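K.L.:
I'd like to ask some things about the structure below.
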Amino acid sequence: MAEDLVLVEGDKSTKYEGLIPQIKALIGDEKDMVANQANVAAALKEAFGFLWVGFYNVKEGELVLGPFQGPVACTRIQIGRGVCGTAWEQKETVIVEDVEQFPGHIACSSLSKSEIVVPLVKECQVVGVLDVDSDETGSFDGVDSIYLNQICEWLVSIM
Ligand code: SME
């Protein structure tokens, strides 16, 4: 049974350190990736109040919208397009401090001001991405990258 998240006060690292064990406990040995991505998106949204948190999964050569929390979003993204398609192509986390300065940024919500995208890499292949959007510029840095990568690596390890 799912229990309420306990939201830890403190700086960003402290919040992630408090949240990640709860995410792992919540998911347990569940293998269903839709269920697991849905709970990860909900937990991150609840803990940090991000504008949008969600997954795109690679299907037939495109990123296709998966479980998310936040405003409605575009359904398909091609490799190399936008922040998500760039993270996919480069197999690397992309942090965008100001989306207006990122050429080709795909604006799903006019409220989005900064963004981080972390690829889900399984056996050297990108199988999806975790995308997090903020309604403020400069919300994401290396701390988010470290902890969101931890979450994504763990998710892939139980896929
Ligand atoms: N901004 C993303 C598109 C996805 S939405 O933000 C949910 C991008 O440029 O790839």
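K.L.:
Would a scan of the range 62-80 turn up a residue that is touching a residue at least 60 places away in the same chain (Cβ under 8 Å), within 12 Å of the ligand (Cβ to nearest atom) and surrounded by fewer than 16 Cβ atoms within 10 Å (Cβ to Cβ)?
P.N.:
The answer is no, given that none of the residues of the range 62-80 is touching a residue at least 60 places away in the same chain (Cβ under 8 Å), within 12 Å of the ligand (Cβ to nearest atom) and surrounded by fewer than 16 Cβ atoms within 10 Å (Cβ to Cβ).
K.L.:
Would you confirm, using the coordinates I've provided, whether residue 52 is within 11 Å of the ligand (Cβ to nearest atom), touching an Asp or Glu at 6+ places or on another chain (Cβ under 8 Å) and touching a residue at least 40 places away in the same chain (Cβ under 8 Å)?
P.N.:
yes
K.L.:
State yes or no: is residue 40 at pLDDT 95 or above and either in a strand (DSSP E or B) or open to solvent by 20 Å² or more (accessible area, probe 1.4 Å) (or both)?
P.N.:
no
K.L.:
Residue check: is residue 157 without any contact (Cβ under 8 Å) to a residue 24 or more places away in the chain, surrounded by fewer than 17 Cβ atoms within 10 Å (Cβ to Cβ) and not β-branched (Val, Ile, Thr)?
P.N.:
Details: without any contact (Cβ under 8 Å) to a residue 24 or more places away in the chain: yes; surrounded by fewer than 17 Cβ atoms within 10 Å (Cβ to Cβ): yes; not β-branched (Val, Ile, Thr): yes.
In short, yes.
K.L.:
Without any contact (Cβ under 8 Å) to a residue 40 or more places away in the chain, open to solvent by 30 Å² or more (accessible area, probe 1.4 Å) and closer than 20 Å to residue 150 by Cβ: which single residue out of 28, 104, 18 fits that description?
P.N.:
None of the other options fit; the residue is 28.
K.L.:
Then there's this: How many residues are within 15 Å of the chain's Cα centre (by Cα), assigned to a loop (DSSP other than H, G, I, E, B) and within 20 Å of residue 51 (Cα to Cα) when one looks only at the range 83-107?
P.N.:
So the count comes out to 1.
K.L.:
Still on this structure, I have one more. Please verify whether residue 10 is in contact with a Gly (Cβ under 9 Å, 6 or more places away or on another chain), more than 21 Å from residue 112 (Cα to Cα), of a type in the set (Gly, Ala, Ser) and free of Cβ contacts under 8 Å to residues at least 40 places away in the same chain, treating the condition exactly as stated.
P.N.:
Yes: the conditions hold for residue 10.
K.L.:
Just to be sure before I move on: is residue 35 closer than 18 Å to residue 5 by Cα, small (Gly, Ala, Ser) and surrounded by fewer than 18 Cβ atoms within 10 Å (Cβ to Cβ) in the structure I sent?
P.N.:
The answer is yes for residue 35.
K.L.:
Out of all the residues in the range 14-35, which are over 17 Å from residue 152 (Cβ atoms), of a type in the set (Gly, Ala, Ser) and part of a helix (DSSP H, G or I)?
P.N.:
Result: 18, 25.
K.L.:
Does residue 58 count as open to solvent by less than 30 Å² (accessible area, probe 1.4 Å) and either out of contact with any Cys (no Cβ under 8 Å at 6 or more places or on another chain) or part of a helix (DSSP H, G or I) (or both)?
P.N.:
no
The values are calculated or read from the model by the stated rules, or taken from the named source; none is laboratory data. The shown structure was predicted, so the numbers you read here are calculated from the model rather than taken from an experiment. Cβ: placed from backbone, ideal geometry, glycine included. Neighbour counts: every protein chain shown. Quick note on the areas: whole protein, heavy atoms, side chains included, nothing else; ligands and nucleic acids left out. Shrake-Rupley method; radii C 1.70, N 1.55, O 1.52, S 1.80 Å.
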